[in-house]
1. Return only the number of the condition from (1) closer than 15 Å to residue 167 by Cα; (2) at pLDDT below 95; (3) among the hydroxyl-bearing types (Ser, Thr, Tyr) that residue 59 does not satisfy.
2. Could you grab me the full set of residues in the stretch 78-108 that are open to solvent by less than 50 Å² (accessible area, probe 1.4 Å), within 26 Å of residue 31 (Cβ to Cβ) and either hydroxyl-bearing (Ser, Thr, Tyr) or not in a loop (DSSP other than H, G, I, E, B) (or both)?
3. Anything in the stretch 50-77 that is assigned to a strand (DSSP E or B), under 19 Å from residue 133 (Cβ atoms) and among the small types (Gly, Ala, Ser)? List them, or say none.
4. Please list, ordered by first then second residue, the pairs with beta carbon atoms under 9 Å, 6 or more apart or interchain, first in the stretch 31-47 and open to solvent by 30 Å² or more (accessible area, probe 1.4 Å), second in a helix (DSSP H, G or I).
5. Take the stretch 109-120 and flag every residue that is open to solvent by 20 Å² or more (accessible area, probe 1.4 Å) and either in contact with a Ser or Thr (Cβ under 9 Å, 6 or more places away or on another chain) or charged (D, E, K, R) (or both).
6. Failed condition for residue 114, given (1) at pLDDT below 95; (2) within 25 Å of residue 159 (Cα to Cα); (3) not acidic (Asp, Glu), with all others met?
7. Residue check, residue 28 against (1) open to solvent by 10 Å² or more (accessible area, probe 1.4 Å); (2) more than 22 Å from residue 129 (Cβ to Cβ); (3) modelled with pLDDT of 95 or more, all met but one. Which one?
Amino acid sequence: MRAFALAGLAAGAVMASSTPVWAQALPADLPAALKPAAMAPYLQVSATGVQIYACGKNTTGAWTWVFKAPEAQLFDAKKKQIGKHYAGPTWERLAGGKVVGAVKASAPGSAGAIAWLLLDVKSRDGAGVFTDAKGILRIDTKGGLAPTQGCDEAHAGAEARVPYTANYVFLK
């Protein structure tokens, strides 16, 4: 996990069941397109899961793997699962509260990895540390790219589940 400077914790912000990483600075190598305006990081979680693609036709009628949804577990600094990430895209904390995001900007990931993203939070449900977010960064991605072969008429509707890891930084 990327090293972040740790901020002091407000007494009510710590959940006894988990130890999130409380971030106070953005990574030095964050692409300019992803630098959030008027928001600061307050929480980082790691994700391990899959990016799900469906075999279908794109807008030009060519057969291709089309992104469907993420499916990942979210972990605190002690590698304890504290939430899940799924279609929406949604980040839901097991202890309560969830947010849904919308992509605002993207930057290429490293070779063989899905893009880094800046997302705006477009809706919240419940209460909890995730629902404080106004934005979310997806950084440090590994894997998750759509397959380059195996999608044709004979495989229409098939799914490919491609493993990925990432860090999500919650911003407020």
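1. So residue 59 meets the others, but not (1).
2. 83, 85, 90, 91, 99, 100, 101, 102, 105, 107
3. So in the stretch 50-77, the residues assigned to a strand (DSSP E or B) come out as 50-57, 63-75.
From the residues that got through so far, the ones that are under 19 Å from residue 133 (Cβ atoms) too are 70, 72-75.
Scanning the stretch 50-77 gives a single hit, 72.
4. none
5. Looking only at the stretch 109-120, we keep the residues that are open to solvent by 20 Å² or more (accessible area, probe 1.4 Å), and these are 109-112, 115-117, 120.
Across the stretch 109-120, the qualifying residues are 109, 110, 115, 116, 117, 120.
6. (1)
7. Against the list (1) open to solvent by 10 Å² or more (accessible area, probe 1.4 Å); (2) more than 22 Å from residue 129 (Cβ to Cβ); (3) modelled with pLDDT of 95 or more, residue 28 comes up short only on (3).
Residues checked against (1) within 26 Å of residue 147 (Cβ to Cβ); (2) of a type outside the set (S, T, N, Q); (3) modelled with pLDDT of 95 or more:
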{"position": "66", "(1), (2), (3)": "yes, yes, yes"}
{"position": "74", "(1), (2), (3)": "yes, yes, yes"}
{"position": "90", "(1), (2), (3)": "yes, no, yes"}
{"position": "96", "(1), (2), (3)": "no, yes, yes"}
{"position": "103", "(1), (2), (3)": "yes, yes, yes"}
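The values are calculated or read from the model by the stated rules, or taken from the named source; none is laboratory data. Predicted model, so just to flag it, every value in this text is computed and none were measured. When we count neighbours, we look across all protein chains shown, and the Cβ atoms used for this are built from the backbone with ideal geometry, even at glycine. Keep in mind that these areas ignore ligands, DNA and RNA; they rest on the heavy atoms of the full protein, side chains included. Shrake-Rupley method; radii C 1.70, N 1.55, O 1.52, S 1.80 Å.
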